[in-house]
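The values are calculated or read from the model by the stated rules, or taken from the named source; none is laboratory data. Computed from a predicted structure; not experimentally measured. As a convention, Cβ positions derive from the backbone with ideal geometry for all residues, glycine included, and neighbour counts pool all protein chains shown.
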Amino acid sequence: MTEDWKNRVFLTLNAGSSSLKVALYGAYDDTPIITGQADRIGPEGTLKLKDGEGQPMQVVAGDLTTHDGALGAAIATIRTARPDLRLAAIGHRVVHGGAQYTAPVVLTPEVMEDLGKLSSFAPLHQPHNLAGVRTAMAAFPGVPQVACFDTAFHRGQPFVNDTFAIPYRYYEQGVRRYGFHGLSYDYVTGELQRIAPHLMAGRVVVAHLGNGASMCAIYRGQSVASSMGFSALDGLPMGTRCGQIDPGVLLYMLDQEKLDTAQIRQILYNESGLMGLSGGLSNDMRSLEAADSPEAHRAIDYFVFRIQRELGAMAAVMGGIDALVFCGGIGENSRVVRRRVCERLGWMGIEIDHGLNAQGSQIISSEFARTTVMVVPTHEELVIARAARAVAGVPAKEAA
Ligand code: AMP
């Protein structure tokens, strides 16, 4: 590595409504130098940072009541610990790139204006993501900033997976099935291309199972169907989100229960999914597995059922399946969920080796199975860092 790139670093930012995740990467090493997270930004805000060895860092005191303050405190901590580092570019996670943004884009005033118009499509995320961009622009004038979109990976989907069967004018207005978790699918696709290119040339279903959960059918490297749609509510049940729901239920809530949109939003986003089905027991799979109660069972049963159903649908639209890949906190760590999802799927060529599954090996399918089943830990921040490196012009020939 030349001296020029040795101390230059790339910051990734993921700004949510009350949280801010940061990570710092070097020009070539894919292990972050520093990671951190501010939570409950407001009167009870907290900030934690860890160095590359996972050791907690001494946080410089700051104002954690605003995103600006939290970013300032994170930057001050990093600067104090590593005065040698120079910031080369910043990458942002932005949930919505609309129909037009199919790849990361350098943030200019024009792009910011475009992205601001998409806030009505993702009112819970987009305004916070863009506020994070403005904060970073004010803190680092002149440093190039790039937006990476959760929707971009899916933009090549065929029309039939991009639309709803409502009056066509809605499609034209942008009411489409955008799909999300694109940074995760981008990373996993890249990993598969590296470790098993023959699979990537075929029909792959990736199940991103975390607190947010979705699945994506990937045919020859291209997303052809996703379980999430217009919003991040559709598809699989999640920690607290409902997943697929008959719109008639919403009409019932409106007409019969006389709930307003804020109340329905609260139910669908925050009181449903694993949390709702378990009767408020937990949104956390680890806790549900440990609880081993009827309430926990019915939540896990439904989660597994919907994954299997989606898997069948995705295999059908691709004309079969060559690989099933698990990622996300549950996909990477819950051998119970992986085992249960793969049960009774012999007809799809899916059969796991219980020993390999228990160990969480990279390949968990049995030796004789027709379909490869894998666990690939995802790394969304790294996708953002790579986009920031590209914008800064890190010479590819020097990549490790
Ligand atoms: P994520 O949003 O990707 O961080 O995933 C969070 C989810 O992963 C939560 O439901 C956690 O309970 C779940 N999870 C993490 N570790 C485990 C584990 N060892 N067993 C079961 N679920 C886990």
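Suppose we filter region 197-210 for residues that are small (G, A, S) and within 12 Å of V373 (Cα to Cα); how many remain?
So the answer is 1.
Does region 46-54 contain at least one residue that is among the hydrophobic types (A, V, I, L, M, F, W, C), closer than 25 Å to F121 by Cα and crowded, with 17+ Cβ neighbours inside 10 Å?
Checking region 46-54: not a single residue is among the hydrophobic types (A, V, I, L, M, F, W, C), closer than 25 Å to F121 by Cα and crowded, with 17+ Cβ neighbours inside 10 Å.
Determine whether region 243-251 contains at least one residue that is within 16 Å of the ligand (Cβ to nearest atom) and either over 26 Å from C216 (Cα atoms) or surrounded by 14 or more Cβ atoms within 10 Å (Cβ to Cβ) (or both).
Within region 243-251, one or more residues are within 16 Å of the ligand (Cβ to nearest atom) and either over 26 Å from C216 (Cα atoms) or surrounded by 14 or more Cβ atoms within 10 Å (Cβ to Cβ) (or both).
Could you please find all residues in region 88-120 being surrounded by 20 or more Cβ atoms within 10 Å (Cβ to Cβ) and either farther than 19 Å from R177 by Cα or of a type in the set (F, W, Y) (or both)?
A88, A89, I90, G91, H92, R93, Y101, P104, V105, L107
May I ask you to list the residues in region 192-211 that are buried (at least 17 other Cβ atoms within 10 Å of the Cβ), outside any loop (DSSP other than H, G, I, E, B) and either of a type in the set (G, A, S) or more than 16 Å from the ligand (Cβ to nearest atom) (or both)?
Scanning region 192-211 gives L192, L199, M200, R203, V204, V205, A207.
Could you give me the residue pairs with C-beta distances under 7 Å whose first residue belongs to region 371-383 and is under 14 Å from I195 (Cβ atoms), whose second residue is within 13 Å of the ligand (Cβ to nearest atom) and assigned to a loop (DSSP other than H, G, I, E, B) wherever it lies, and which are 6+ apart or on separate chains?
Short answer, once both residue conditions are applied: V375/G360.
Kindly evaluate R79 against the criterion of being surrounded by fewer than 15 Cβ atoms within 10 Å (Cβ to Cβ) and basic (K, R).
The answer is yes for R79.
Please specify each residue of region 44-55 satisfying the condition of being among the charged types (D, E, K, R), within 25 Å of N129 (Cβ to Cβ) and over 23 Å from the mean Cα position of the chain (by Cα).
Matches in region 44-55: E44 only.
Every residue, every condition in (1) within 16 Å of the ligand (Cβ to nearest atom); (2) among the aliphatic types (A, V, I, L, M); (3) in contact with a Ser or Thr (Cβ under 6 Å, 6 or more places away or on another chain); (4) part of a loop (DSSP other than H, G, I, E, B), yes or no:
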{"site": "M253", "(1), (2), (3), (4)": "no, yes, no, no"}
{"site": "K258", "(1), (2), (3), (4)": "no, no, no, yes"}
{"site": "Y269", "(1), (2), (3), (4)": "yes, no, no, no"}
{"site": "G280", "(1), (2), (3), (4)": "yes, no, no, yes"}
{"site": "L288", "(1), (2), (3), (4)": "yes, yes, yes, no"}
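When region 215-232 is examined, which residues are found to be among the hydrophobic types (A, V, I, L, M, F, W, C), under 14 Å from the mean Cα position of the chain (by Cα), assigned to a loop (DSSP other than H, G, I, E, B) and modelled with pLDDT of 95 or more?
M228
Taking only region 212-228 into account, find how many residues are within 14 Å of the ligand (Cβ to nearest atom) and surrounded by fewer than 23 Cβ atoms within 10 Å (Cβ to Cβ).
Summing the residues that are within 14 Å of the ligand (Cβ to nearest atom) and surrounded by fewer than 23 Cβ atoms within 10 Å (Cβ to Cβ) in region 212-228 gives 1.
Would you mind stating whether Y187 is of a type in the set (F, W, Y), more than 22 Å from I300 (Cα to Cα) and more than 13 Å from the ligand (Cβ to nearest atom)?
The answer is no for Y187.
Of the numbered conditions (1) farther than 30 Å from T108 by Cβ; (2) touching a helix residue (DSSP H, G or I) at 6+ places or on another chain (Cβ under 9 Å); (3) of a type outside the set (V, I, T); (4) assigned to a helix (DSSP H, G or I), L236 fails exactly one; give the number of that condition.
(4)
Looking at this structure, is V375 in contact with a helix residue (DSSP H, G or I) (Cβ under 9 Å, 6 or more places away or on another chain) and either of a type outside the set (S, T, Y) or within 16 Å of the ligand (Cβ to nearest atom) (or both)?
When the stated conditions are applied, V375 passes them.
Being more than 25 Å from the chain's Cα centre (by Cα), closer than 17 Å to L24 by Cβ and at pLDDT 90 or above is the filter here, so list the residues in region 56-72 that pass it.
Residue satisfying the conditions is M57 alone.
Can you find even one residue in region 363-380 that is in contact with a strand residue (DSSP E or B) (Cβ under 9 Å, 6 or more places away or on another chain), surrounded by 14 or more Cβ atoms within 10 Å (Cβ to Cβ), in a helix (DSSP H, G or I) and of a type outside the set (D, E)?
No, the conditions are met nowhere in region 363-380.
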